[in-house]
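Colleague: Have a look at this one.
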Amino acid sequence: MPKTKMQGIIFGVIMSYAMAIGMEVYNIAIKMGYPMQQGGFSSMTNAVFPAALLEAAYMGVFVFIFSNLWGNRCGASFAAKVSDPSKDNPYFCQLMRQAGTIAVMCPTMSMVASILFNVILAGQPVSQLPAIWVGTVIKNFPMAFFWNMFAAAPFTRWLFKKLFAD
């Protein structure tokens, strides 16, 4: 996919914001109580999107920073342990890299969100941070996994190919 450092940065920004937007729509919908309403998430309205886009604007920066600090490297390391590009299907290798990255980035971003939204903004005691963080990971991991596998990564690859068609 990316062939130059600049292309790598652009790919990373697209992926970071694709993940941040999806996760913020999910979390804002939960915060607004949609899962508890009759119809669950299907009763969601457009009121979710302005708040989600606002939060995604700055959470995407955190995603980009932490994925470049360790998320991408850990994902690549995981993929190298469980797949062999010379023997395995390239799609399988790609999925293993995504899975490894999600396994690191979801707990990382859950910690960022726990500190920012629960401790700093909501005033929860820091002593409760471990429990808040575990609960946040439990809530976010299924969405992060499926959103990345079936929406954010395919969208990012599609858009990147459109931008950098050879």
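Colleague: Which value, in debye to the nearest 20, describes the size of the charge dipole of the chain about its Cα centre when Lys and Arg Cβ atoms bear +1, Asp and Glu Cβ atoms bear -1, and nothing else is charged? Walk me through the numbers before you get to the answer.
Modeller: Numbers: 11 positive and 5 negative charges, 69 e Å.
Magnitude of the dipole: close to 340 debye.
Colleague: If the chain between GLN94 and LYS81 were fully stretched, how many nm would it gain, using 0.36 nm times the residue separation less the Cα-Cα distance? List each step's numbers first, then the result.
Modeller: On the way: separation 13, 0.36 × 13 = 4.68 nm, distance 1.28 nm.
This chain segment gains 3.4 nm when fully extended.
Colleague: So, one more: Semi-axes of the equivalent ellipsoid for the stretch 97-166, please: Cα gyration tensor eigenvalues, times 5, square-rooted, ordered largest first, whole Å.
Modeller: Working: eigenvalues 198, 32, 15 Å².
After scaling each eigenvalue by five and taking roots: 31, 13, 9 Å.
Colleague: Counting other Cβ atoms within 10 Å, keep those with at most 10, restrict to DSSP loop, and tell me which chymotrypsin sites (Phe, Trp or Tyr not before Pro) in the stretch 64-101 are left. Show your work: numbers first, answer last.
Modeller: Values: sites: PHE64, PHE66, TRP70, PHE78, TYR91, PHE92; in loops: none.
Answer in residue order: no site qualifies.
Colleague: List the residue ranges in the chain for DSSP H helices whose C-alpha atoms run 30 angstrom or more along the long axis and whose Kyte-Doolittle average is -0.5 or above. Before the final figure, lay out the partial values.
Modeller: Details: long enough: 5-31 (38 Å, 1.05); 90-113 (33 Å, 0.79).
Qualifying helices: 5-31, 90-113.
Colleague: Scan the chain and report its longest stretch carrying no trypsin sites (Lys or Arg not before Pro) that are both in a DSSP loop and have at most 15 other Cβ atoms within 10 Å. If you can, show how the numbers build up before the last one.
Modeller: Details: sites that count: LYS3, LYS87.
After excluding every exposed loop site, the longest remaining stretch is 4-86.
Colleague: Would you please name the chymotrypsin sites (Phe, Trp or Tyr not before Pro) within the stretch 110-166 that are DSSP coil residues with at most 13 other C-beta atoms within 10 Å of their C-beta? Working shown, then result.
Modeller: Numbers: sites: PHE117, TRP133, PHE145, PHE146, TRP147, PHE150, PHE155, TRP158, PHE160, PHE164; in loops: PHE164.
Counting only loop positions with at most 13 other Cβ atoms within 10 Å, none of the chymotrypsin sites (Phe, Trp or Tyr not before Pro) in the stretch 110-166 qualifies.
Colleague: Counting each pair of different Cα atoms once, what's the Kirkwood radius of the stretch 5-163 in Å, rounded to one decimal? Mind dumping the intermediate values first?
Modeller: On the way: mean 1/r = 0.0602 Å⁻¹.
With all distinct Cα pairs of the stretch 5-163 included, I get 16.6 Å.
Computed from the coordinates by the stated procedures, all read-outs in this text should not be read as laboratory data. The structure presented is a predicted model; accordingly, all values stated were derived computationally and were not measured. Ideal geometry is used to build each Cβ from the backbone, glycine not excepted, and the neighbour counts take in all protein chains shown.
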